[in-house]
Every structure is written in structure tokens, then in C-alpha cells.
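Structure first, then comments.
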Amino acid sequence: MRKAVLTSLAAAAAILLSAQAYAQAPAAPPAAPPGYGETINIEQAKKAAGAAVAEAKKNNWAMAITIVGPTGELVYFEKMDNTQYGSIVISQHKARAAAIFKRPTKAFEDRIAQGGAGLTALTLDGIIASEGGIPIVVGGKIIGAIGASGATGAQDGQASTAGVDALK
Amino acid sequence: MQCFRLALLIVCTALFAGSALHAQQQTAAPAAPSPPPAPPFGMPVTLDQATKMADAAIAEAKKLNLAVAIAITEPNGELVYFGKMENAPYSATQLAQQKATTAARYRRPSRAFQEQLAAGNTFFLTFGGVIAAAGGLPVVHGGKLIGSIGVSGGSGAQDEQVGRAGLGALN
């Protein structure tokens, strides 16, 4: 009887300890990103870009919208009238970075904003630490990415999201 | 008097020598190609105009059973529209943009450089950003140069045909 009590006490302690350890453990690593699929075709690209441009128009923003394939190669591009010229290349850069790193460019912005070890992101080739680039996932595969530039980072992200959602 | 005559002789000789030299220079110089008269610049092509042109160009490419890339730029060569059809070669991505930039910045069809090189005017090879291949065309609307269209993916002649179909949608 005493042995049983002791065992259950030990078990309870072990559970408590492991639960504590679990609570202390760093956040679970992000789920593995999806694999790459076939390159987005021009009809899909046009649909996504059209939705992004519509979102920008609705809000009175002038933007450049880029759609790339999984490797970051250009598939589609539209520049709205009066978009600042700097945004042409930036939208392409955002789309490319989102595709080749399989994550939204906001992830880099957040990482660098943390400072410290997060700043190592600055040494990576091809990143851009500015919101507005998002991978396009269709059928569980990354078929490309969209990049928007012309307004604030959050607004660029809003237009890109509209583009991604158009293919869902 | 003699002095005056001598002076006259010297002047005449100098004039003669000068004109002879001038004539020699004229014959030695290569026949420089005269640029076509360029229309004045207008407001850059709008996105609506660009998509209209691209749609017509892509329809023409489909008719020809071609997979092409289409680039439309402003007169300064800055990109306004780009579309790459499925299975168009990756080389077309670059070439379509370069042809468009050539046509825009030099204000003439990119075919002109192909012809100039064929004619032996190889100095064009030293010009920056020149693509000596057909498929890039200036976009002139209302008598003004508003941009360019560049096509790549077929033969030079086919690319230009696709580009012209794009121009047709605008005018």
C-alpha cells in the first residue's frame, strides 16, 4: 500500500515536472512549409493580380503587383498609374523573397524588429524585410508568390492578401 | 603688290586644301543610318491600355500556337505590364523586357538594330541595352510616344506580329 502511494506520488511529480518543462519549452517550431508545385499559370496570376489591384483601387492606393513562380521567376506584373517607380523593383523583390523562402516577407520584418539574433536575417541573400510578399499556396503546394508595393507595408500586405485569397 | 599676290595665293591654297580635306572626310565616313523621325513623348501608357494590348497580343499568340512573354513599358523603359504564358521559355522573360526597353528608349522597332547590324553598322553593338532582334515596338497613340511592347517566344517575325496585334487593340 505504501509502495503504491509512493509510486503514484512519483508519477504525479513526474507529470507535474514534465508539464512544467513543457510550459517552459520555447514555442513549438513552425509547421513545415508546403512543398513546391507546378508554376502558377498566367490565368491564375492575372486573377490574383486583378484582385490585388482592385483592393488597392478601392483604397485609393497606387501599387505595383508582381506574381512569380516557385523559383522567384517573373510570371506576371502590373503597375497601376502613378505608382512610385521605386515600387516596381520592390514588388518584384517581395514576391521573389516570399517564393524562395516559402514565407511572407512580414516574417523577416518581424524577425529583424526583434533585434538581437533576429538581425542575422540581414545577412541572408535575397531577403526583404518589408510586408507585402506572400506565398501563393494552391492544393497544398506553393505555386508562386505575390508581391505588392506602393503604400505602407501593412497596406501592401492587405493588397497581397486579397490577391492570394482570390485563388482560394 | 607682290606681297598681296603672295597672300592671295596662300589663302587660295589653304581654301583648296581645306575643301579637299573636307571632301575626303565625307567619303571616308560610314553611311550613318538616319534615325526615323520620332513622335513627341506623351503621358505614359496606362495600366488599362497596357492590359488591353496584352490581351490582344496573347490572343494572337494563341492563334499562332505560340507561348510568349509580353512586356509593356513606359517611354523610359520602366515596366507597366508583364505576362508570361505557360511554357514560354525563361529566356523570353528577359528578352521580352529587353526588346520593349530597346524599342522605348531608342524610339524605334528593335528590328531596326537587327537590320543595322546586318548592314554592317556594327558600332550599334556598343550601345547600352540594345537587343538586335525583332519583337519590340514603340507604342504611339494620338501622335505621341507613350511606351513600347516587347514580345519573345516565337521567331522574330512572329514576335513582331504578336506585338502588332497588341498595338492594334489600342488604335
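The values are calculated or read from the model by the stated rules, or taken from the named source; none is laboratory data. As the structure is a computational prediction, the values presented were derived from the model and not from experiment. When we count neighbours, we look across all protein chains shown, and the Cβ atoms used for this are built from the backbone with ideal geometry, even at glycine.
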ask   = Do we have any residue at all in region B:74-95 that's modelled with pLDDT of 95 or more and farther than 29 Å from A:A148 by Cβ?
value = no
ask   = Could you say which residue among A:A99, A:A117, A:A121 is part of a helix (DSSP H, G or I), of a type outside the set (D, E) and within 12 Å of the chain's Cα centre (by Cα)?
value = A:A99
inquiry  = So for region B:95-102 (the condition being touching a strand residue (DSSP E or B) at 6+ places or on another chain (Cβ under 7 Å), within 9 Å of chain A (Cβ to nearest Cβ) and not polar (S, T, N, Q)), does at least one residue qualify?
reply    = no
note = Checking A:V75, A:V137 in turn, the sole residue that is at pLDDT 95 or above, under 27 Å from B:G77 (Cα atoms) and part of a strand (DSSP E or B) turns out to be A:V75
message = If I ask for residues that are surrounded by 21 or more Cβ atoms within 10 Å (Cβ to Cβ), in contact with a Ser or Thr (Cβ under 8 Å, 6 or more places away or on another chain) and polar (S, T, N, Q), which ones from region B:76-112 would you list?
response = B:Q97, B:T101, B:T102, B:S110
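Scanning for something within 14 Å of chain B (Cβ to nearest Cβ) and either in contact with a strand residue (DSSP E or B) (Cβ under 6 Å, 6 or more places away or on another chain) or among the acidic types (D, E) (or both), does region A:102-112 turn up at least one residue?
From region A:102-112, those within 14 Å of chain B (Cβ to nearest Cβ) are none; that's our starting set.
Looking through region A:102-112, none of the residues is within 14 Å of chain B (Cβ to nearest Cβ) and either in contact with a strand residue (DSSP E or B) (Cβ under 6 Å, 6 or more places away or on another chain) or among the acidic types (D, E) (or both).
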inquiry  = Based on this model, can you work out whether A:A52 counts as of a type in the set (G, A, S), closer than 16 Å to A:P135 by Cα and in a loop (DSSP other than H, G, I, E, B)?
reply    = no
Qualifying residue in region A:105-112 (condition: over 13 Å from the mean Cα position of the chain (by Cα) and outside any helix (DSSP H, G or I)) = no
message = Could you check region A:76-87 and list, in sequence order, the residues that are surrounded by fewer than 23 Cβ atoms within 10 Å (Cβ to Cβ), at the interface with chain B (Cβ under 9 Å from one of its Cβ atoms) and either touching a residue at least 40 places away in the same chain (Cβ under 8 Å) or in contact with a Gly (Cβ under 6 Å, 6 or more places away or on another chain) (or both)?
response = A:M80
message = Quick test of your reading of the structure: B:G129 fulfils all but one of (1) on the phi > 0 side of the Ramachandran plot; (2) touching a residue at least 60 places away in the same chain (Cβ under 8 Å). Name the failing condition by number.
response = (2)
task = Considering only residues that are facing chain A (nearest Cβ under 10 Å) and assigned to a loop (DSSP other than H, G, I, E, B), look in region B:58-75 and name the one that is surrounded by the fewest Cβ atoms within 10 Å (Cβ to Cβ).
result = B:A67
Filtered residue count, region A:42-59, keeping only those that are touching a residue at least 12 places away in the same chain (Cβ under 8 Å) and either surrounded by fewer than 17 Cβ atoms within 10 Å (Cβ to Cβ) or not aliphatic (A, V, I, L, M) (or both) = 8
